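Below is one structure, written out as structure tokens; comments come after it.
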Amino acid sequence: MSEYGVILEKGASDWQIFQQERGSARIELEGRYVSAHVLPMFPMTVEVDEEKPESVQVRIVREDDGSTVKDWTRAHLTGGGGWRVSFPDVPAGGLYRIESCLKYEQWDCRRCTRGDMVHHIGVGDIFLIAGQSNAAGRSKVPVEDSPSTAVHVLRADGKWDMAAHPLGETTDMLHVECFENHNPGHSPWIHFGKLLHRELGYPIGLIPSASGGTPLSWWDSREEGNLLDCAVKLVRQGGGGLRAVLWSQGEADTGAEACTYGKRLEEFLTLARERMEQPELPFVIVQTNRCLVGADTAQDRAYGIVRQAQLSVMERMKRVWTVPSADLPVSDVMHNSSLADLAIGERCAACVLDRLCGRKRAWRGPSPVKACGQGRRVSVLFRDAIHWLETYGLEPGQLPVEAEDEEGFLPLESYRTEMTEGGCLLELHFAREKKGDVRVHGAWRAYPGAAVPSDGRGLPMYSFYGFTVRLDDKI
């Protein structure tokens, strides 16, 4: 620690990202100062006029060229050798450097005593990464996704740094109660951050808090866990600002607890907003991807229920958006591959740009809005199916869209697709007539099949479960 001049003790650290609001952020700094009229390494004595006191000066400059962002500003001296200064409107951008010095008023502006500096800071957007293993990232398959000075991470030791994989590694972990038992691998989020920086022009901050294998109950202190408490601590450690939460979780709830997942998910999102003190904190949810482990029908239904809850919450709660993922490859039986991570990063970035930044992007997959039919036919109307619904030439028995009535699953005999003014129509023809109430499911099983229908942009259909079929022909 420095013994002379200006010492910066609070308010900024190397690589820190400050959350911007409407294009700027407030940066408040505090510290202490020690007069150094005679420095030990120089035998020169400087005469000081006691009637012209010293002052603490702080400025912010661009690191790439040294140009001024906020000019030298006199800090308020708080007594006892303390000081503080506030920059209320530092513009979004960076990377910036904070400089300080102790200036004596009888000296010209080129002569001053040393002061601390803070390097590589930026004003941009900060995202909390939460959920279980697919949020933390598990793929060990190499893929080009290099670090960038435009994407920063709050490490587990509570210090900001340049982001590099694996994001959630736990060296010198500050909050041991949030312990992650596995070494993470590649994840979607550096690619996500680089895409946002390319479009928005300012740096992106990431705060990893995901923990592998965790059910939703471990995130809610009203049930059995404190992971949300840990996430709140990390956000505060990072400075307190937050643009949105990136949430990928659900695999651990595909058991008996699946039937209550939708209700508990909404309650958790509400609680998280309360704890973060942001009533409209946005959430971007990644719908649960495929699982290759053999599953019986009960397990399939649990996956379907969880995925439907992730889809429904987007309609039931404001500023909650869900991106599809059922088409993506895995690196083992259930963890997204590195290539899948890149696709998820792109879809989440497109969602953020479209919903939060006013930049039109495609991120919604086709989803059912209406289903009806009589006799042996069911027609499902999909919205957000742009250009067409690609079924990849799947045989009827391979199409991951199924209908179920009181006698069981209806054997699919044939199907066709048609673009209409209202969306894309998927018409299903079955080998027998429907009996009683009918519901239709799509890409719902633990393993939804080799191919999931997608639209002309390559965005897959959302997984859905239990969509009610009206017994008429009014699509």
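Quick notes on this one:
- Applying a threshold of 8 Å to beta carbon distances and a minimum spacing of six or more residues, or different chains, the list of pairs starting in the stretch 263-278 at a residue that is over 19 Å from Phe127 (Cα atoms) and part of a helix (DSSP H, G or I) and ending at one that is open to solvent by less than 50 Å² (accessible area, probe 1.4 Å) and among the polar types (S, T, N, Q) reads Arg264/Ser217; Leu265/Gln310.
- Being part of a helix (DSSP H, G or I) and within 17 Å of Val235 (Cβ to Cβ) is a property that holds for Glu177.
Residues checked against (1) aliphatic (A, V, I, L, M); (2) crowded, with 17+ Cβ neighbours inside 10 Å:
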| site | (1), (2) |
| --- | --- |
| Leu265 | yes, yes |
| Thr270 | no, no |
| Ile285 | yes, yes |
| Asp296 | no, no |
| Tyr303 | no, yes |
| Gln310 | no, yes |
| Val320 | yes, yes |
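- Which listed residue, of Gly373, Gly345, Gly358, is more than 23 Å from Val141 (Cα to Cα) and open to solvent by less than 10 Å² (accessible area, probe 1.4 Å): Gly373
- Hits in the stretch 108-157 (condition: more than 28 Å from Gly23 (Cα to Cα) and assigned to a strand (DSSP E or B)): Cys112, Thr113, Gly115, Gly131, Ser139
- Looking only at the stretch 361-370, and only at residues there that are in contact with a Cys (Cβ under 9 Å, 6 or more places away or on another chain) and open to solvent by 30 Å² or more (accessible area, probe 1.4 Å), the one that is nearest to Leu196 (Cα to Cα): Arg361
- Output for the stretch 389-401, where each listed residue is at negative phi and open to solvent by 40 Å² or more (accessible area, probe 1.4 Å): Glu390, Glu395, Gly397, Gln398
- Only a single item in (1) of a type in the set (A, V, I, L, M); (2) surrounded by fewer than 21 Cβ atoms within 10 Å (Cβ to Cβ); (3) in contact (Cβ under 8 Å) with a residue 60 or more places away in the chain is not met by Ile207, and it is number (2).
- Test: residue in the stretch 50-68 that is among the aliphatic types (A, V, I, L, M), surrounded by fewer than 18 Cβ atoms within 10 Å (Cβ to Cβ) and at pLDDT 95 or above: yes
- Restricting attention to the stretch 194-204 and to residues that are part of a helix (DSSP H, G or I) and touching a Leu at 6+ places or on another chain (Cβ under 9 Å), the residue that is surrounded by the fewest Cβ atoms within 10 Å (Cβ to Cβ) turns out to be Glu199.
- Number of positions in the stretch 131-149 that are within 10 Å of Ile190 (Cβ to Cβ) and buried (at least 16 other Cβ atoms within 10 Å of the Cβ): 3
- Test for Glu346: is it among the acidic types (Asp, Glu) and at pLDDT below 95: no
- Only residues that are within 14 Å of Gly238 (Cβ to Cβ) and surrounded by fewer than 17 Cβ atoms within 10 Å (Cβ to Cβ) were counted in the stretch 153-174, giving 5.
- Residue in the stretch 186-193 that is at pLDDT 95 or above and open to solvent by 10 Å² or more (accessible area, probe 1.4 Å) present: yes
- Filter result for Gly212 (open to solvent by 10 Å² or more (accessible area, probe 1.4 Å) and in contact with a helix residue (DSSP H, G or I) (Cβ under 9 Å, 6 or more places away or on another chain)): yes
- Residue count for the stretch 434-475 under the criterion of being of a type outside the set (S, T, N, Q) and outside any strand (DSSP E or B): the result is 26.
- Any chance Leu426 is free of Cβ contacts under 8 Å to residues at least 24 places away in the same chain and surrounded by 18 or more Cβ atoms within 10 Å (Cβ to Cβ): no
- When we screen Gln299, Gln374 for residues that are part of a helix (DSSP H, G or I), over 18 Å from the mean Cα position of the chain (by Cα) and under 22 Å from Asp405 (Cα atoms), the only hit is Gln299.
- Cβ separations smaller than 7 Å between residues 6+ apart or across chains give the following pairs from the stretch 306-334 residues that are part of a strand (DSSP E or B) to residues that are among the aromatic types (Phe, Trp, Tyr) and open to solvent by less than 30 Å² (accessible area, probe 1.4 Å): Val320/Phe283; Val323/Trp363.
- Scanning the stretch 429-440 turns up no residue that is within 21 Å of His387 (Cβ to Cβ), open to solvent by less than 60 Å² (accessible area, probe 1.4 Å) and touching a residue at least 40 places away in the same chain (Cβ under 8 Å).
The values are calculated or read from the model by the stated rules, or taken from the named source; none is laboratory data. These numbers come from a predicted model, not from an experiment. Reconstructed Cβ throughout: ideal geometry from the backbone, glycine too, with neighbour counts over all protein chains shown. Note: areas computed on protein heavy atoms with side chains; ligands, DNA, RNA excluded. Shrake-Rupley method; radii C 1.70, N 1.55, O 1.52, S 1.80 Å.
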